[in-house]
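The values are calculated or read from the model by the stated rules, or taken from the named source; none is laboratory data. All values derive from a computational prediction rather than experimental measurement. Here Cβ is always computed from backbone atoms with ideal geometry, including for glycine, and neighbour counts include all displayed protein chains. Only protein heavy atoms, including side chains, enter the accessible area calculation; ligands, DNA and RNA are left aside. Shrake-Rupley method; radii C 1.70, N 1.55, O 1.52, S 1.80 Å.
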Amino acid sequence: MASTLSMILYFIVFPGLVFTAVVGLLTTWVDRKVSALVQWRVGPPWYQPFADVLKLLGKEIVIPEGAKRTGFLVAPLAGLAAVALVSTMLWLANMRGAGFVGDLIGVIYLLTIPSLGMIIGASASGNPLSSIGASREMKLILAYELPFVIAIFTAVTKVSPMTLKLDGILEYQAMNGVLLGNLSCIIAFVVAILCAQAKLTYPPFDIPEAETELMDGTHMEYSGAALAVVKVTQAMMLFTLPVFFITIFWGGLQLTGWGILYTIVKYVIIVTIIVLIKNTNPRVRIDQAVRFFWGPVTILAIVGMILAVLGL
Amino acid sequence: MGATGWGFKKSLWVFHLNAGACNNCDIEVLDCLTPRFDVERFGIKLVGSVKHADVLLVSGSVPRKVVPDVIETWEQAPKPCAVVALGSCGCTGGIFKDGNNFAGPIDKHIPVHAYIPGCPPRPEAIIGGIVKLIGTL
Ligand code: SF4
């Protein structure tokens with residue numbers, strides 16, 4: 001009974017839903033602030049994302065005519081729950097002694113749910129622009145998922161004995177130094193960051209949202225609290241993906257003493273790389289994106305994999 | 001006026017509706033987003049979909065053809081939502097008030113919460129108008 005209760009607490013409060021949402025929203029502020037600085041602007045104050053979400057919670061939810069009500073409203077919630085779960089798994093695996101191992105396949109699988117949720121929600125909204133966004137999102141998933149999985153499995157190959165448990169990967173790194181010290185894992189890390197860009201639908205891969213042509217595409221018909229859920233899910237993804245990369249490539253999160261500072265530095269570096277890529281690249285077309293991911297990126301990922309098998 | 005009210009004041013998302021404007025007002029709106037004026041400091045940003053909007057920024061003299069569109073856009077906006085009439089055209093009809101197609105001004109068709117006159121209004125005037133609007137929310 002007590003363990004069930006603590007599991008629920010883990011999921012809802014720390015390190016699940018609430019914690020991830022708060023840190024994720026703070027991260028979106030870092031994103032907006034850095035973007036503003038890149039463009040020589042001042043940018044919003046630190047509480048801006050919280051103000052946005054609070055405001056959205058107080059607004060009316062408009063359900064478009066011809067929308068499938070249930071699918072439209074439930075799909076974003078599925079995405080939210082999935083990211084909260086991934087975050088919980090990653091943190092519990094990082095907090096040794098919580099007695100939790102965590103499975104890599106589960107993480108990869110759950111990380112696709114928010115995108116799938118957006119596809120279902122957008123298709124249920126009955127808006128033609130949203131459905132274009134949904135179809136683009138689908139193609140994008142097909143494009144980036146292959147190199148993403150190869151990149152993750154490069155890390156798995158590197159770990160000996162080979163393991164799919166987050167716990168095992170962390171253990172190996174604690175004993176033998178971080179995986180990012182190897183050439184193969186550096187390549188895999190670069191590939192993973194590029195795929196993260198597409199997973200977050202950030203420029204240059206914001207094709208499903210395409211503000212100028214699709215008016216936010218997949219999010220277009222959402223309003224009020226439903227839009228808040230969508231925004232919070234995105235923010236949580238922005239938090240979860242770097243944590244995932246730190247866990248499998250960069251030695252995991254140290255949660256004691258000076259390690260905390262080191263963890264924050266690692267996190268901020270990854271977020272800054274993502275934001276800088278976002279700010280310096282224009283949007284590509286969907287066919288270019290698919291070609292990019294299935295061509296150079298997959299080849300790069302396979303090269304990394306081969307190097308890992310060769311032991312580099 | 002609780003937390004959501006605070007959020008509403010601090011985060012106005014603007015949907016820009018061109019109802020028969022000559023495009024000058026619209027260019028001035030874009031000016032507000034440039035580094036020199038940077039309205040994102042106040043949490044204001046332009047959104048592409050009216051479903052995300054807190055402020056409907058309507059410019060133009062509202063010719064007869066767009067009246068149904070203006071009304072429909074207002075009805076689609078999730079409430080609470082404020083309407084700002086931008087430019088002399090939006091406020092009174094301006095130089096088009098005797099025009100054959102003129103069916104405005106905006107407040108004849110939808111409720112307006114703030115007026116920003118000028119032909120076109122300067123970015124400073126637009127920001128000033130929005131600040132006054134925030135004061136009344
Ligand atoms: S107020 Fe002046 S600048 Fe604005 S739309 Fe009318 S004529 Fe054009």
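Would you confirm, using the coordinates I've provided, whether A:A51 is under 18 Å from A:V232 (Cα atoms), modelled with pLDDT of 85 or more and facing another protein chain (nearest Cβ under 10 Å)? Answer is yes for this residue.
Only one entry of B:L30, B:L46 meets the criterion of being within 14 Å of chain A (Cβ to nearest Cβ), away from the ligand (no atom under 12 Å from the Cβ), touching a strand residue (DSSP E or B) at 6+ places or on another chain (Cβ under 8 Å) and open to solvent by 30 Å² or more (accessible area, probe 1.4 Å), and that entry is B:L46.
Yes or no: the range A:25-40 includes at least one residue that is open to solvent by less than 10 Å² (accessible area, probe 1.4 Å), within 13 Å of chain B (Cβ to nearest Cβ) and of a type in the set (K, R). No, the range A:25-40 has no match at all. Identification of helices (runs of 4 or more DSSP H) wholly contained in the range A:217-310 with 1 or more residues that are farther than 24 Å from A:S131 by Cβ and open to solvent by less than 50 Å² (accessible area, probe 1.4 Å) yields A:224-249, A:259-280, A:298-310. When every residue of the range B:102-124 is checked against the conditions, none turns out to be within 14 Å of another protein chain (Cβ to nearest Cβ) and β-branched (V, I, T). Across the range B:88-127, the qualifying residues are those that are open to solvent by less than 90 Å² (accessible area, probe 1.4 Å) and away from the ligand (no atom under 16 Å from the Cβ), and the one among them that is farthest from B:V58 (Cα to Cα) is B:I127. Checking each residue in the range B:101-116 for being of a type in the set (A, V, I, L, M) and not in a helix (DSSP H, G or I) picks out B:A103, B:I110, B:V112, B:A114, B:I116. Listed by first and then second residue, the pairs linking a residue in the range A:290-307 that is under 20 Å from A:K199 (Cα atoms) to a residue that is part of a helix (DSSP H, G or I) and of a type in the set (S, T, N, Q), with Cβ atoms under 9 Å apart and 6 or more places separating them unless they lie on different chains, are A:A301/A:T154. Only residues that are touching a residue at least 12 places away in the same chain (Cβ under 8 Å), out of contact with any helix residue (DSSP H, G or I) (no Cβ under 6 Å at 6 or more places or on another chain) and away from the ligand (no atom under 16 Å from the Cβ) were counted across the range B:66-81, and they come to 6. Scanning the range B:37-54 for residues that are among the β-branched types (V, I, T) and closer than 18 Å to A:K231 by Cβ turns up B:I44, B:V47, B:V50.
Filter the range B:1-27 down to residues that are within 16 Å of the ligand (Cβ to nearest atom) and hydrophobic (A, V, I, L, M, F, W, C) and give me whichever is nearest to A:V53 (Cα to Cα). Checked the range B:1-27; the qualifying residue nearest to A:V53 (Cα to Cα) is B:L17. For the range A:63-75, the condition of being under 11 Å from A:A228 (Cα atoms) and either within 14 Å of another protein chain (Cβ to nearest Cβ) or in a loop (DSSP other than H, G, I, E, B) (or both) holds for none of the residues.
Quick check on the range A:178-191. Is at least one of its residues among the β-branched types (V, I, T), assigned to a helix (DSSP H, G or I) and surrounded by fewer than 19 Cβ atoms within 10 Å (Cβ to Cβ)? Within the range A:178-191, one or more residues are among the β-branched types (V, I, T), assigned to a helix (DSSP H, G or I) and surrounded by fewer than 19 Cβ atoms within 10 Å (Cβ to Cβ). For the range B:1-22, filtered to residues that are in contact with a Pro (Cβ under 9 Å, 6 or more places away or on another chain) and open to solvent by 40 Å² or more (accessible area, probe 1.4 Å), the residue that is nearest to the other protein chains (Cβ to nearest Cβ) is B:K10.
Across the range A:76-100, what is the number of residues that are outside any helix (DSSP H, G or I) and hydrophobic (A, V, I, L, M, F, W, C)?
Final tally of qualifying residues: 3.
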